[in-house]
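Here's the structure, in structure tokens; my notes come after.
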Amino acid sequence: MKGTLILALLSLWNRRGTALLTACSIALSVALLWGVLQVRDGARSGFAATVSGVDLIVGPRTGPLNLLLYSIFQAGEPTSSVSRASFELVARHPDVAWALPLSLGDSHRGFRVLGTTPDYFLHYRHGRRQVLLFAEGRAFAAHGELVIGATVARVLGYQPGTEAVLAHGLGEGSFAEHEETFRVVGVLAPTGTPLDRLVMADLDDLAHLHGAEQSTSLTAFLVGMKERPALLTMQRALNDYRGEALTAIIPGVALSDLWRLVGVADRAMLALSFCVLLAGLVGMTSTLLAALSERRRELAILRSVGARPLNLLGLLMLEAGALSLVGALMGLLTGRLLVAAFAAELEARLGILLEPALLDSTSAAILCGVTAAGLLAGLLPGLAAYRRSLADGLSMRT
Amino acid sequence: MDGPAIEISKLRFGWKSGECLLAIDGFAVGRGERVFLHGPSGSGKSSLLGLVGGVLMPQAGEIRVLGQAWGELPASRRDRFRGDHIGFLFQQFNLLPYLGLIDNVLLPVRYSKLRRQRCGTAPEAEARRLLAALGLAGKALLSRPVAELSVGQQQRAAAARALLGRPELVVADEPTSALDEESRDAFLSLLMQQCGESGATLLFVSHERRLAAGFDRTVSLSQMQAAEAGTVQS
């Protein structure tokens with residue numbers, strides 16, 4: 001066994017050109033599989049971290065997913081609103097640390113406008129409890145000031161000082177009943193969350209746009225508690241509140257419900273990368289099979305010095321196993337190098353958090369699995385060598 | 001394990017059913033005998049060597065090597081018996097390009113315990129001794145990649161391998177056909193001498209009749225063949 005392994009390695013080294021190419025094809029498929037697994041985990045935790053540090057999202061009586069979608073992801077339409085009075089009541093509650101009003105309904109050149117208060121930039125967290133950072137400028141403070149997300153700045157080419165006309169209603173080119181010119185004072189750093197696509201202004205400032213002194217109704221509001229234990233009591237109290245029909249949800253719970261819906265895509269990706277790995281192994285098998293006809297002499301020599309057909313089967317299997325092991329190691333290394341190079345970019349642009357450990361159980365499982373699969377795949381050329389050595393005997397016909 | 005080195009009786013062999021390439025009613029090679037087997041190419045020499053080596057099985061008849069009939073052994077035992085008792089030597093390219101000269105010569109002891117035991121305590125020393133006896137010595141030569149050796153040197157290394165661990169039978173299939181005249185004669189005399197020293201029986205196959213001079217006996221394949229050989233039976 002040990003002798004056969006050494007022979008296998010030396011023989012592979014003798015054909016190192018094709019062997020390296022074969023190992024590379026395995027390496028690429030392993031890198032892809034590992035990458036997909038990483039991105040999957042990263043996307044899940046990134047998704048769960050779309051909003052963090054917020055204990056409760058409170059909106060009108062509606063479904064939890066619906067409330068989450070329009071308050072955090074700015075997807076879909078709120079069907080009704082929450083009164084300012086309820087918000088004030090919660091905000092003044094002794095257990096509540098802070099409360100942020102959210103008012104949606106306006107848009108600017110296709111991007112939604114969020115009306116809130118400057119406190120938003122103090123309390124809102126995303127990712128691993130990261131605070132919102134300004135790439136340029138500052139938070140809005142006075143009348144007619146705007147803060148924009150990173151994507152908005154990139155797409156529209158806005159920077160602090162740019163003047164923007166806000167219109168009532170959603171969607172590009174919506175009828176501008178009320179128009180007012182605002183000025184951009186801050187651009188947020190990329191977060192990889194829907195926040196990047198928001199235009200933010202003061203709640204009451206936007207109310208002026210609609211001809212009101214102060215906003216009287218809100219789309220929803222976010223609540224941070226002083227003590228976590230009070231959270232469930234508060235949630236129950238809000239859901240049972242008689243003054244107004246409210247829904248209070250815990251973001252983490254709602255987010256994982258939502259992930260269960262959108263997670264189908266990543267299972268498809270995973271299946272696909274397993275197929276790529278399979279293709280890599282099939283490629284290796286066919287390369288080894290094709291090389292057999294050039295190696296007839298080698299096999300005949302081994303046979304003539306006493307190697308049994310089973311030894312040849314073992315030789316080919318060990319070759320395939322060694323190629324797969326080397327390929328898997330190369331693939332895992334490549335994957336890590338790629339992640340090291342692009343992790344920051346992925347997190348900023350797509351909100352995917354990648355933080356691979358040097359040797360995690362996933363890598364170990366891939367390493368063992370791919371090597372075992374490779375050994376098994378070597379059965380095919382191994383059996384071919386076995387059969388051929390029986391048929392060829394010791395003759396050196398080439 | 002007694003009896004002649006090779007004993008063939010009533011052998012019939014063909015690659016396809018109905019074909020009869022070889023038909024040998026009786027043929028024997030005694031222990032220690034050096035036999036030159038002559039036959040033109042395509043006459044079934046390689047098949048005969050496959051049959052003698054127990055790699056091919058005849059349709060009828062029996063082949064005994066050192067008294068053991070191949071047909072009585074299961075395939076795995078045949079492999080072991082062959083590895084233990086027969087050394088092979090082929091036309092050319094006998095060496096594995098990825099092994100050094102010494103490791104190439106040592107290949108049989110990887111697979112045969114018996115031949116390793118017969119090498120004594122140090123198979124590598126035995127390999128060096130055989131190589132030196134066949135005119136291959138010197139650190140520079142032994143450490144050179146085998147592909148860089150001349151054909152004559154490669155064939156001598158192959159001969160050393162066939163003789164390592166003193167197998168009772170050495171089967172050589174046109175081992176000199178790739179050599180020029182001068183190295184051919186030198187090779188042949190070295191091979192004969194070493195076979196004599198280790199007491200091995202030598203079955204040497206070639207189409208070049210003029211090489212037969214130093215052998216104990218010359219046999220022609222066509223003389224050995226019974227009348228029905230080469231015909232296709234319906």
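Peptide B:71-81 has a mean of 2 when you count, residue by residue, the C-beta atoms of other protein chains within 10 Å of its C-beta. Accessible surface area normalised per residue over the stretch B:121-234 is 45 Å², counting heavy atoms of protein chains with a 1.4 Å rolling probe.
When A:104, B:22 are compared by accessible area at a 1.4 angstrom probe, the order from most to least is A:104, B:22. Legend: translational diffusion of the stretch A:70-158 by Stokes-Einstein, Rh = Kirkwood radius over C-alpha pairs, 25 °C, 0.890 mPa s; D = 163 µm²/s. Here the Karplus relation 6.51 cos²θ - 1.76 cosθ + 1.60, evaluated at θ = phi - 60°, turns the backbone of the stretch A:245-259 into coupling constants of 6, 10, 10, 10, 10, 8, x, x, 5, 5, 5, 6, 4, 5, 4 Hz, with x for every Gly and Pro.
Share of carbon and sulfur in the accessible area of the protein assembly as shown stands at 58%, probe radius 1.4 Å. Dipole of the protein assembly as shown computed with +1 at Lys/Arg Cβ and -1 at Asp/Glu Cβ about the Cα centre; of A:348, B:8, A:50, farthest Cα towards the positive end is B:8. Largest accessible area first, the listed residues A:308, B:116 line up as B:116, A:308 when surface is computed with a 1.4 Å probe on the assembled protein chains.
Assuming a strict under-29 Å limit between Cα atoms, what lysine pair count do you get for the protein assembly as shown once near-sequence pairs (fewer than 8 apart, same chain) are dropped? Mind showing how you got there, number by number?
Values: A:2/B:113; A:2/B:139; B:10/B:45; B:16/B:45; B:113/B:139.
Lysine pairs meeting the criterion: 5.
Note on chain B: GNM, Cα springs under 10 Å; of B:172, B:157, B:122, the largest mean-square fluctuation is that of B:122. Here the 3J(HN,Hα) profile of the stretch A:144-153, calculated from phi with Karplus coefficients 6.51, -1.76 and 1.60 at θ = phi - 60°, is x, 10, 10, 10, 10, x, 4, 5, 4, 4 Hz, Gly and Pro shown as x. Among the residues of A:294-305, the average count of other protein chain beta-carbon atoms within 10 Å of the residue beta-carbon is 6. For the stretch A:1-129, the solvent-accessible area works out to 41 Å² per residue, with a probe of 1.4 Å and every protein chain left in place. Think of each Lys and Arg Cβ as +1 and each Asp and Glu Cβ as -1; about the Cα centre, that makes the dipole of the stretch B:5-98 roughly 80 debye. Relative to its Kirkwood radius, the Cα radius of gyration of chain A gives an Rg/Rh of 1.22. Here is the list for the stretch B:15-88: trypsin sites (Lys or Arg not before Pro) lying in DSSP coil, each with at most 10 other C-beta atoms within 10 angstrom of its C-beta, are B:16. Residue A:24 contributes about 50 Å² of solvent-accessible surface, heavy atoms of the protein only, 1.4 Å probe.
Ligands, DNA and RNA are left out, and with a 1.4 angstrom probe the accessible area of the stretch B:34-99 is 34 Å² per residue.
Count, for each residue of B:103-109, the Cβ atoms from other chains sitting within 10 Å of its Cβ, then give me the mean as a whole number.
Whole-number average of other-chain Cβ neighbours for B:103-109 is 3.
Amide H contacts of residue A:191 (H built 1.01 Å from N, in plane; Pro and chain starts excluded): A:150, A:196 sit under 5 Å, all sequence-distant by 5 or more or on other chains. In the protein assembly as shown, a dipole from Cβ-located charges (positive for Lys and Arg, negative for Asp and Glu) runs towards its positive end, and of A:222, A:272, A:86 it is A:272 whose Cα lies farthest in that direction. In order along the stretch B:77-82, the phi-based Karplus estimate (6.51 cos²θ - 1.76 cosθ + 1.60, θ = phi - 60°) of 3J(HN,Hα) comes to 5, 4, 4, 5, 4, 4 Hz; Gly and Pro are listed as x.
For residue A:105, the residues 5 or more places off, or on other chains, whose built amide H falls under 5 Å of its own are A:113.
Just the number, please: buried accessible area between B and A, total of both chains, 1.4 angstrom probe, nearest 100 square angstrom. Could you put the intermediate results ahead of the total?
Working: alone 10900 and 19330 Å², together 28060 Å².
Summing both chains' loss of accessible area gives about 2200 Å².
P(r) tail, chain B: Cα-Cα pairs separated by more than 26 Å, 37% of all pairs. With 40 Å² as the minimum drop in accessible area between chain alone and full protein complex (1.4 Å probe), the qualifying residues in the stretch A:1-50 are A:7, A:10, A:14.
The values are calculated or read from the model by the stated rules, or taken from the named source; none is laboratory data. Just so you know, these numbers come straight off a predicted model, no measurement behind them. As a convention, Cβ positions derive from the backbone with ideal geometry for all residues, glycine included, and neighbour counts pool all protein chains shown. The area values use the complete protein model at the heavy-atom level, side chains included, leaving out ligands, DNA and RNA. Shrake-Rupley method; radii C 1.70, N 1.55, O 1.52, S 1.80 Å.
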